[in-house]
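The values are calculated or read from the model by the stated rules, or taken from the named source; none is laboratory data. Since we're looking at a predicted model, the values are computed, not measured. Quick reminder, even Gly has a Cβ in these numbers, built from the backbone with ideal geometry, and neighbours come from all protein chains shown. These accessible areas exclude ligands, DNA and RNA; they are computed on the full protein's heavy atoms, side chains included. Shrake-Rupley method; radii C 1.70, N 1.55, O 1.52, S 1.80 Å.
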Amino acid sequence: MKNFMSVKRLFLGLSLLTNLFGASQMVAMETNPVAHISLKTPGNAAVTHALSFKNSGNGKDIAVSSEILPVEIERSVAGDNHRKSVSVVIKAKEDIYFNYGEQIVTDYPHESSLFLMPGFWYRKNLRSPEHTPSIRESEYWLVREDRLSTPLTAVFSPEAKKYMAVMRTDKLDKDALTTHNAGEVIVSGETSIGYTGFGNADGKSYLAFGFPYCEAPKSYIRKLTLAPSVEAFQLLRKGNSIHLNWELTEKDASDFSECMESTWNYCYDITRPQPVEGSYSPEQLKRTMTDFFTASYVDDKPLKYYAGVGLETATCTTSGVAEVGFLGRSLLNAYNALEYGELNSRNDLIDGANKIYESYLNNGFSPAGIFREVVRYNPEREDSVRSIRRQSEAVYAVLNYLQYEKLHGRKHPEWEAKMKNLLNIFLDLQNPDGSFPRKFKDDGTIVDETGGSTPSATLPLVMGYKYFKNKRYLEAARRSVDYLENELISKSDYFSSTLDANCEDKEASLYAATATYYLALVTKGEEQRRCAELTKKAAYFALSWYYTWDVPFAKGQMLGDIGLKTRGWGNVSVENNHIDVFVFEFADVLRWLGREYADNRFTDFAEVISSSMGQLLPVDGHLCGIAKTGYYPEVVQHTNWDYGRNGKGYYNNIFAPGWTVASLWQLYTPGRAEEFLLGKK
């Protein structure tokens, strides 16, 4: 895009004047910023003007340019050498369409720098494949703020053991549509969404920020789909002003993990997200979600299941896919339905749940004793490749079911035998380094040796140790946590836990935090303290995916029109840039960390998550864009990205409520792990 290239050339020329050292970077940012304003006349290409600033004598600096501009720009900076607030006031002398930006050049070598844009970019995004944002695609990236769980970019230098971050501090409460998503676009009304990013200036890393939004060198509009860059222009009427505010910080950090912890605490302390008011109670949510159990139940096939995969939001018509783990989570949902049914005298739920378990006992295993993960009917066929994640989630569900049944005086020796056999297969699959292959076949052939899904296996191994009193399972769990420490947590590298993406993702860090939490619950002393530290480190990465602010929507975008508050919702991955309710037991992990470390940030944000994630519950008269009550939505598209259909403010047309119902049920049934492993209620 021509205008972006002119901005880049302009910036690189100016950057040589501001190649700075240590805390002096913050000082020079105040006295000699690199800034520009682009002005567009409709029907013509925008023109970019370099800006310098001179002191006005009243504590504010006035922008000057080599040309007379139809705009006045005042800039003021306050703070110390480690934290500064930047305030920019733009006043139009005539009607203008503008885009304003600044860049801060650090002394951090770009080649070794690691970057953070929460919920979107981690380190260099090198786990991400082609056609997604990564350092392989470009050395500089600008992105719109609503892609990020907090509108912040940080750059960490391993050599200097410091990081610098820039964060937008305005109230972001408006958005407006444009007629195009590429090139120079004029916003149809007022938006509050700006941009942030980073780049390479003569071998040094820089931070970039501005308003309204830009995306360059590419925009990411769909899974594995990079699109042309976009630069937005907003109208500012003659005599009107707009105020823009950012905060810059520079702090010490020993590694990227400490950078992550420090930035999340900083973001949280600035934004202080509060629980969402007026949300449904856990009982209301569960009662409504039982509609999914009854309406989706399929009983005319050898496997009984809840049809929760590949449904259309417009109809929620039952699909022919039986899935034990992610995405369907039929066995966990059946356990939830059984427990709820017995507590509330719901024989329909009890009967359906028991039939699901009976059918899987009789028809749900391969000859090798491995769960038939995904079975498709009409015609019947199944996946021959197994995944450690789905197998683990199925064992997890069954062990919860067996423990519940045992407490109620009911025994299932056949189920116990099958679980022992499958856990023993896990032991055979485990690698010498403690990892588990991501995908494999019944004969033991490894299809995908990637270890990112390893933490999913830790949970059933710890539970198997507790249920069967078998220390071999505990030792395998310990070895898996050794792998997590050595390859994921210590390297700040959480990847490929999802089944449909190969990239940095939320679920890898969330599963790692949950896995180490499980091991911490059954260990003592120094080992427990080590597990707690690992849990905390992994939890900060998981937390970074969850929104601390409410993304604004334009009028006509359904999610905004029905009042969705995005705080507490989590982005998914670098590949799949939408939010969802994947949380399961993570709120329990946060509450436990809050107690262990006497840090209310963890417990308070757990309440934000709990209060927020039930907002889109489809109930009579308020279906939230879903055809049936209780079928909780999945692909919630909150930024300029879509999974294939509809875009920001809507859902994809296909969704999988099986796992969303299971996740929320876990969220609103706190304490399950501690009850199972410690006997606490």
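Listing for the model above:
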read-out	value
Positions within the range 113-136 being more than 19 Å from S509 (Cα to Cα), open to solvent by 30 Å² or more (accessible area, probe 1.4 Å) and touching a Ser or Thr at 6+ places or on another chain (Cβ under 9 Å), in sequence order	H131, R136
I73 being closer than 19 Å to F211 by Cα, without any contact (Cβ under 8 Å) to a residue 40 or more places away in the chain, open to solvent by 30 Å² or more (accessible area, probe 1.4 Å) and of a type in the set (A, V, I, L, M)	no
Odd one out for V574, checked against (1) open to solvent by less than 10 Å² (accessible area, probe 1.4 Å); (2) under 18 Å from the mean Cα position of the chain (by Cα); (3) under 19 Å from E283 (Cβ atoms)	(3)
All positions within the range 142-172 that are outside any strand (DSSP E or B) and either of a type in the set (K, R) or closer than 18 Å to F209 by Cα (or both)	E145, D146, R147, L148, S149, T150, P151, K161, T169, D170, K171, L172
Test: residue in the range 448-460 that is in contact with a Leu (Cβ under 7 Å, 6 or more places away or on another chain) and open to solvent by 20 Å² or more (accessible area, probe 1.4 Å)	no
The range 76-112, subset surrounded by 15 or more Cβ atoms within 10 Å (Cβ to Cβ) and of a type in the set (D, E), residue farthest from H36 (Cα to Cα)	D107
The range 443-463 residues that are closer than 12 Å to Q391 by Cα, paired with ones that are of a type in the set (A, V, I, L, M, F, W, C) and not in a helix (DSSP H, G or I) (beta carbon under 7 Å, 6 or more apart)	S453/F436; T454/F436; A457/F436
First in the range 664-681 and modelled with pLDDT under 95, second anywhere and open to solvent by 10 Å² or more (accessible area, probe 1.4 Å), Cβ under 7 Å, 6 or more apart	K680/G671; K680/E674; K681/E675
Scan of the range 592-645 for residues that are in contact with a Lys or Arg (Cβ under 8 Å, 6 or more places away or on another chain), of a type outside the set (D, E, K, R) and not in a helix (DSSP H, G or I), ordered by number	Q615, P618, Q637, H638, T639, N640, W641, Y643, G644
Top-ranked residue of the range 278-304 - restricted to ones that are small (G, A, S) and modelled with pLDDT of 95 or more, ranked as least open to solvent (accessible area, probe 1.4 Å)	S296
Complete set of residues in the range 34-63 that are surrounded by fewer than 13 Cβ atoms within 10 Å (Cβ to Cβ) and assigned to a strand (DSSP E or B)	K54, N55
Members of the range 634-655 found to be small (G, A, S) and buried (at least 23 other Cβ atoms within 10 Å of the Cβ), listed by number	G649
One residue from D604, D550 being at pLDDT 95 or above, of a type outside the set (S, T, Y), surrounded by fewer than 19 Cβ atoms within 10 Å (Cβ to Cβ) and within 20 Å of the chain's Cα centre (by Cα)	D604
Near pairs, Cβ below 6 angstrom, 6+ apart or cross-chain, from the range 470-483 (in contact (Cβ under 8 Å) with a residue 60 or more places away in the chain) to any residue that is open to solvent by less than 20 Å² (accessible area, probe 1.4 Å) and part of a helix (DSSP H, G or I)	none
Residue match in the range 106-119 (condition: of a type in the set (S, T, N, Q), assigned to a loop (DSSP other than H, G, I, E, B) and within 22 Å of the chain's Cα centre (by Cα))	no
Selection within the range 174-200 - of a type in the set (D, E) and closer than 21 Å to G563 by Cα	D175, E190
The range 176-195, residues that are open to solvent by 20 Å² or more (accessible area, probe 1.4 Å) and touching a Phe, Trp or Tyr at 6+ places or on another chain (Cβ under 7 Å)	E184, I186
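This table checks each residue for (1) without any contact (Cβ under 8 Å) to a residue 60 or more places away in the chain; (2) of a type outside the set (V, I, T); (3) in a loop (DSSP other than H, G, I, E, B); (4) closer than 23 Å to N363 by Cβ.
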{"residue": "I270", "(1), (2), (3), (4)": "no, no, no, no"}
{"residue": "Q274", "(1), (2), (3), (4)": "no, yes, yes, no"}
{"residue": "Y280", "(1), (2), (3), (4)": "no, yes, yes, no"}
{"residue": "L285", "(1), (2), (3), (4)": "no, yes, no, no"}
{"residue": "T288", "(1), (2), (3), (4)": "no, no, no, no"}
{"residue": "D300", "(1), (2), (3), (4)": "yes, yes, yes, yes"}
{"residue": "L303", "(1), (2), (3), (4)": "no, yes, yes, yes"}
{"residue": "G308", "(1), (2), (3), (4)": "no, yes, yes, yes"}
{"residue": "T318", "(1), (2), (3), (4)": "yes, no, yes, yes"}
